[in-house]
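Data first, discussion second: the structure below is written as structure tokens.
The values are calculated or read from the model by the stated rules, or taken from the named source; none is laboratory data. This one's a predicted model, so the numbers in the text were calculated from it and none came from an experiment. Backbone-built Cβ (ideal geometry, glycine too); neighbour counts: all protein chains shown.
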Amino acid sequence: MSKSAVHTMTMSLATEWAPHGIRLNAIAPGVIPTEGASKRLSPGEGPSDRTIRSNPMGRVGTMAELQNLATFLIAPGCEWLTGETITLDGSQNHATGSNFYELRHWTDAQWQEARAAIKAQNEKDRAQRGV
């Protein structure tokens, strides 16, 4: 689901469930490198090369930053915040339109190479789970 769809769903559900004391907020994270995502979303590159080049802050996010935001959203004193989507991406979405904006220039050969790398990584991961 796209971030705009998640945002619309969050606003709708927050309105629907607010009378029951249920709050709904969403986090729209930018690139936060993890082993699995990096191997699939940036095959053949370092886990964050593309993001660092295109991010206004010149870096990727950290798991601690994501955890801190999630903690804030459920913390006491935040009970009146509902229906919001908070983008945590160093302003990359504002600057480029999305995390994958640069991919619009990829050739068919680059897409095929990426698909092959993702497929190989998926097969490798499946084989390790079966052990």
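Tabulated data
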item	result
Filtered residue count, the range 2-29, keeping only those that are assigned to a helix (DSSP H, G or I) and under 18 Å from Gly97 (Cα atoms)	6
Test: residue in the range 24-40 that is modelled with pLDDT under 90, of a type in the set (Gly, Ala, Ser) and in contact with an Asp or Glu (Cβ under 6 Å, 6 or more places away or on another chain)	yes
Test result for Arg50, within 14 Å of the chain's Cα centre (by Cα), surrounded by 13 or more Cβ atoms within 10 Å (Cβ to Cβ) and modelled with pLDDT under 85	no
Test: residue in the range 77-86 that is modelled with pLDDT of 90 or more, surrounded by 13 or more Cβ atoms within 10 Å (Cβ to Cβ) and not in a loop (DSSP other than H, G, I, E, B)	yes
